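Read the structure below first, then the notes.
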């Protein structure tokens, strides 16, 4: 009977140990669920990085255009700073307030 009890205790300890390892494999700080969440986040960050690289390239081309083309720089000054030539007139219009949608 003592041998049989020892075998049961050995199997129970094995099942408890295996359960603990499986729990850690799935739910620990470095487990499967965290891995899945981080892989989704990694894909989102890769997409964001790609978009930022495209934006950087666009801005670099725009800087080169401003360096090489004085008309492009003049257009930027007119658009962003509101400069006008002596023979031009500036018309300033107020924005209309946003109209709230009517509920049905």
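If the condition is being in a helix (DSSP H, G or I) and touching a helix residue (DSSP H, G or I) at 6+ places or on another chain (Cβ under 9 Å), then the stretch 43-83 contributes 62, 65, 66, 67, 72, 73, 76. Do the conditions hold for residue 40, that is, is it assigned to a helix (DSSP H, G or I) and modelled with pLDDT of 95 or more? Against the criterion (assigned to a helix (DSSP H, G or I) and modelled with pLDDT of 95 or more), residue 40 qualifies. Residues considered: 37, 46, 61. Of these, the only one that is within 30 Å of residue 85 (Cα to Cα) and free of Cβ contacts under 8 Å to residues at least 40 places away in the same chain is 61.
Listed here are the residues, each with its yes/no results for (1) loosely packed, with under 10 Cβ neighbours inside 10 Å; (2) within 19 Å of the chain's Cα centre (by Cα).
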residue: 14; (1), (2): no, no
residue: 25; (1), (2): no, no
residue: 32; (1), (2): no, no
residue: 36; (1), (2): no, yes
residue: 55; (1), (2): no, yes
residue: 59; (1), (2): no, no
residue: 71; (1), (2): yes, no
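The values are calculated or read from the model by the stated rules, or taken from the named source; none is laboratory data. Nothing here was measured: the structure is a model prediction, and the numbers come from that model. As a convention, Cβ positions derive from the backbone with ideal geometry for all residues, glycine included, and neighbour counts pool all protein chains shown.
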